[in-house]
Amino acid sequence: MEVCSIKSFYIKSKVDEHKKIKKHLLKLIGDYKVSKNTDDYKNISKINYAPDSSLQQLANENYLTYLWPYIQDKIGEVAKYLKIENLFISNAWFQQYRKNDTHDWHSHFNCLINCVYFLELPDPKYATQIKTYDGKVIQPKVKEGDLLFLLTPNRHRSPINKSGKRKTIIAFNMNMIKTQDIPR
Ligand SMILES: [Fe+2]
């Protein structure tokens, strides 16, 4: 096989109303009863990730329904840029990192792109890092309130949170859906 290099990218956007919605979103996440964390996520203080959330389950998550109006247009802009029709959120979850928490290198599955909303980011150096295919580590220039969109094959990690302050993110996987399959 022959590997030919092409340029890749990440997309940065932001939640315009971040300051207005942050407190309420953190309360909804704080009140959220997480049933169990698997060993895969033992270095993340609070996470409600489930690999097989249904669209109906996502639609019932109150932190997501609250956030949706504030990110809908931003996701639409990304879909337009990428020329993707019928982009939809196929999974979503939150993660809270306290001191020394981390999420090691990984990529997502069953989606075209994924997104991180930095709801609490004590320092930009604790934002998601991306690893290129030639092994270079990239630190995207993002701050609290930003949205970071990554193409799915990109490996990324959350570096160790060395600060005494909590980091909170809401993550989304997004995919295309056939028009006839859109829930009515
Ligand atoms: Fe991730």
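The values are calculated or read from the model by the stated rules, or taken from the named source; none is laboratory data. Owing to the predicted nature of the structure, the values given are computational and were not obtained by experimental measurement. As a convention, Cβ positions derive from the backbone with ideal geometry for all residues, glycine included, and neighbour counts pool all protein chains shown.
Observations
- Residue pairs whose Cβ atoms lie under 8 Å apart, separated by 6 or more positions or on different chains, with the first residue in segment 151-163 and modelled with pLDDT under 90 and near the ligand (Cβ under 10 Å from one of its atoms) and the second among the acidic types (D, E) and outside any strand (DSSP E or B), do not occur.
- Scan of segment 1-56 for residues that are surrounded by 10 or more Cβ atoms within 10 Å (Cβ to Cβ) and aliphatic (A, V, I, L, M), ordered by number: I11, V15, I21, L25, L26, L28, I29, V34, I44, I47, A50, L55
Conditions (1) within 20 Å of S158 (Cα to Cα); (2) in a helix (DSSP H, G or I), marked per residue:
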site	(1), (2)
K19	no, yes
H24	no, yes
D40	yes, yes
N43	yes, no
L58	no, yes
L64	no, yes
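- Matching residues in segment 164-181 - criterion: being surrounded by 18 or more Cβ atoms within 10 Å (Cβ to Cβ) and within 16 Å of the ligand (Cβ to nearest atom): K167, T168, I169, I170, A171, F172, N173, M174
- Filter result for Q72 (surrounded by 13 or more Cβ atoms within 10 Å (Cβ to Cβ), polar (S, T, N, Q) and more than 16 Å from the ligand (Cβ to nearest atom)): no
- Of the residues making up segment 113-150, just one is under 20 Å from K19 (Cβ atoms), surrounded by fewer than 17 Cβ atoms within 10 Å (Cβ to Cβ) and touching a residue at least 60 places away in the same chain (Cβ under 8 Å), namely K141.
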